[in-house]
Amino acid sequence: LKKLRLAVSGVSRETLCELRALNDLDELLLQDAPVTDDDLAALLSAMPALSRLTLRRLHKLTDAVPDCVVGCPELEVLALIEMHQLSGDSLDRLADIKRLRSLDLRNSGQLAARDYQKLASLGRLRR
């Protein structure tokens, strides 16, 4: 399996953590899933080939999301959609994702206008 897209509000954290067995995934979308920062870190550490990650409305995650994804060596595309718990501090740490070329921050409500100035440090991002 190379691509997996899940909108799974009714699935337990434990069940979602079993996705670690899908270590050849290239693309993962998680929406409305009840995962924590630790769950996400464990899941992503088992997916070294992951190049595209979309996280949408994962309300149990915190501002530590960049720390979870920075360990994905192949990650090129990151979408953090409706992730209202992210702050400008998160943007600073996104610069540590070495291969990142595309970033989607739609409807991330905690970000202020000054936070978007930090995106200049991500100059290597391209369409």
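The values are calculated or read from the model by the stated rules, or taken from the named source; none is laboratory data. What you see is a predicted model; the values in this text were computed from it and never measured. So basically every Cβ, Gly included, is an ideal-geometry build from the backbone, and we count neighbours across all protein chains shown. When the accessible area is computed, the model is the full protein with side chains, heavy atoms only, and any ligands, DNA or RNA have been set aside. Shrake-Rupley method; radii C 1.70, N 1.55, O 1.52, S 1.80 Å.
Look at region 39-54: where a residue is over 19 Å from ARG13 (Cβ atoms) and assigned to a strand (DSSP E or B) and a partner is open to solvent by less than 30 Å² (accessible area, probe 1.4 Å) and acidic (Asp, Glu), sitting 6+ places away or on another chain with Cβ atoms under 7 Å, you get ARG52/GLU27. Only one entry in GLU14, GLU27, GLU18, GLU74 is open to solvent by 30 Å² or more (accessible area, probe 1.4 Å) and at pLDDT 95 or above, namely GLU74.
The set of residues in region 41-64 that are touching a Ser or Thr at 6+ places or on another chain (Cβ under 6 Å) and either under 23 Å from LYS118 (Cβ atoms) or open to solvent by less than 30 Å² (accessible area, probe 1.4 Å) (or both) contains only ASP63. Cβ-Cβ distance below 6 Å, separation of 6 or more or different chains: which pairs start in region 91-116 with a residue that is in a helix (DSSP H, G or I) and end on one that is among the small types (Gly, Ala, Ser)? Close Cβ pairs (under 6 Å, with a partner that is among the small types (Gly, Ala, Ser)) amount to ASP115/GLY88.
The lone criterion from (1) crowded, with 19+ Cβ neighbours inside 10 Å; (2) at pLDDT 95 or above left unmet by VAL35 is number (2). The number of residues in region 21-38 that are of a type in the set (S, T, N, Q) and assigned to a strand (DSSP E or B) comes to 1. Taking region 77-90, which residues are open to solvent by less than 30 Å² (accessible area, probe 1.4 Å) and either in contact (Cβ under 8 Å) with a residue 60 or more places away in the chain or touching a strand residue (DSSP E or B) at 6+ places or on another chain (Cβ under 9 Å) (or both)? The answer is VAL77, LEU78, ALA79, LEU80, ILE81, MET83, LEU86, SER90.
Scanning region 65-81 for residues that are within 24 Å of ASP24 (Cβ to Cβ), out of contact with any Ser or Thr (no Cβ under 7 Å at 6 or more places or on another chain), assigned to a loop (DSSP other than H, G, I, E, B) and aliphatic (A, V, I, L, M) turns up at least one hit.
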